[in-house]
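See below for the structure under consideration.
Throughout, read-outs are computed from the coordinates displayed, never taken from laboratory work. All values derive from a computational prediction rather than experimental measurement. Cβ: placed from backbone, ideal geometry, glycine included. Neighbour counts: every protein chain shown.
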Amino acid sequence: MEKGLSANKLKYIAIIAMVIDHIGMVFVPITVGAPLPGVLFRIIGRLTAPIMCFFLVEGYVHTSNRKRYALRLLCFGLISQIPYALMNYGSEIREGETRWSTIGKAFLHPDFNVILGLFFIFLMLYVYDMVPGFSRRCVLIGLLLGAAMFCDWGLVGSVYAMVFLTFREDMKQKVKWFCIVTVGYLCMNILFCISAEKNWYGELWQAGLFLFIPVMYLYNGERGSKAAFHKWFFYIFYPLHMLVIWMISFF
């Protein structure tokens, strides 16, 4: 019997957490009605980002063709942008708007989906790992970091990936720096709430990111089944589930 959790199993945990998070975001918003269910949904959803960043690093290290990997991320990132924009910005019809004007406005937001973010992070890993010259690396990483900040998970996903690559063989350091980054991220969110004159605890559900630590210890280092289904499922499911959530909320 397999001990611990394989990469495939952890990816499915991330997918389930992502769906719960998106359902909470669209249908049980924290600021409307009873807040507790929405908070729980969002806490569970924090598992997704670190798991996917962790396996992006594993994919970067183990893939036989980094160019093909990057192109796959770019293609599915572009495909996913329409469902992402619709789910996040194309559901709430405000007074004086029509359904079609709401859909049109959804695409005006300078905000991009997770897979595009993973694409920029992947390029950042390559630059950090392979490009010679400290100054050149810093400039390229800065540009890619700026691009990633316009995507879902933004800065924190990029920093997590760098931590996972730098301390890939050292679990103690990996956990330590994961905690440091997460605490820093929580502090930034608290300061943002204070500056926006909101309750300082309004973003504390982000502490759900710490759920990743026991999950990381459960990882057994095995890939699991090598069936093509597991490889392609996330890429297809990601835009598809957002489209379904948008259709339900919109119609």
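Odds and ends about this structure:
- Ordering 203, 197 by the number of other Cβ atoms within 10 Å of each residue's own Cβ, fewest first, gives 197, 203.
- With the charge dipole of the chain set up from +1 on Lys and Arg Cβ and -1 on Asp and Glu Cβ about the Cα centre, the Cα lying farthest toward the positive end among the listed residues 22, 175, 245 is that of 175.
- When 182, 166, 48 are sorted by how many other C-beta atoms sit within 10 angstrom of their C-beta, beginning with the fewest, the order is 166, 182, 48.
- Across the chain, Cα pairs under 8 Å and at least six residues apart give a relative contact order of 29 percent.
- Residue order, fewest to most beta carbons within 10 Å, for 230, 109: 109, 230
- Mean separation of Cα contacts under 8 Å (6+ apart) over length of the range 57-160, as relative contact order %: 27 percent
- Estimated inter-spin distance, residue 191 and residue 229, nm [label 7 Å along Cα→Cβ]: 4.8 nm
- With Cα atoms, 0 to 90° folded angle of helix 114-130 axis to the chain main axis: 30 degrees
- For the chain, lysine pairs with C-alpha atoms less than 19 angstrom apart, excluding pairs fewer than eight positions apart on the same chain, total 7.
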